[in-house]
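One structure below.
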């Protein structure tokens, strides 16, 4: 038996039904946001190629199947950045993200910055997504998630900067300070010297 695709009111083309069907079709063309999986990262342009993680059910020549949306390319990434400061992370193949589709065509702004005219009059299009890093599915939850401190850490927890009330904790195999000077509690360490001492096997006192 053939699948019935229209109701009697739709078949009679009542205006309200025609409008309702048109609005439903329009909704299928409007994108807001979807989870994605990063396929590659270009560090020079700071863009990613993304496979959207939700398939769509399509009917082609009467045959219905779940289809993956084609890869999104040249998708700008979103990381914390303001003023002269930025926190960078290296997106890796397999990382999850959320792709947010913008109201208007981003092409001219993305290429030149500033305030630009739209190159194409499109809305919430697949071509105008930005990838927000740091969303994940349940199979990828973070182990040992701290509820007592803010952390910048590796997923395995072997390297971390932890900030809690009054305390900053550094955990690492090696800690490298690239600085012309180090000041701890008001005392200069790199250029600090002791006077009135002689070479030998003894030890000097602490920093004063």
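All of the numbers you see were taken from the coordinates with simple rules; none came from a lab. Model, not experiment: these values are computed from the prediction. As a convention, Cβ positions derive from the backbone with ideal geometry for all residues, glycine included, and neighbour counts pool all protein chains shown.
Highest mean first, the peptides 94-107, 143-156 sorted by other C-beta atoms within 10 Å per residue fall in the order 94-107, 143-156. Separation of region 73-110 and region 124-161 by C-alpha centroid, Å? Rounded to whole Å, the Cα centres lie 15 Å apart. Between the beta carbons of residue 132 and residue 188, assuming R0 = 30 Å, the FRET efficiency works out to 0.10 to the nearest 0.05. A simple spin-label model places pseudo-atoms 7 Å from Cα toward Cβ; at residue 124 and residue 54 they are separated by 1.1 nm. Ranked for footprinting exposure by Cβ neighbours inside 10 Å, fewest first, 189, 41 give 189, 41.
So if R0 is 41 Å, what FRET efficiency would residue 110 and residue 179 give, r being the distance between their Cβ atoms, rounded to the nearest 0.05?
Details: r = 36 Å, r/R0 = 0.89.
The computed FRET efficiency comes out at 0.65.
Across q = 0.10, 0.12, 0.13, 0.21 Å⁻¹, region 51-181 modelled as identical point scatterers on its alpha-carbon atoms has Debye log10 I(q)/I(0) values of -0.56, -0.75, -0.83, -1.35, in the order of the q list.
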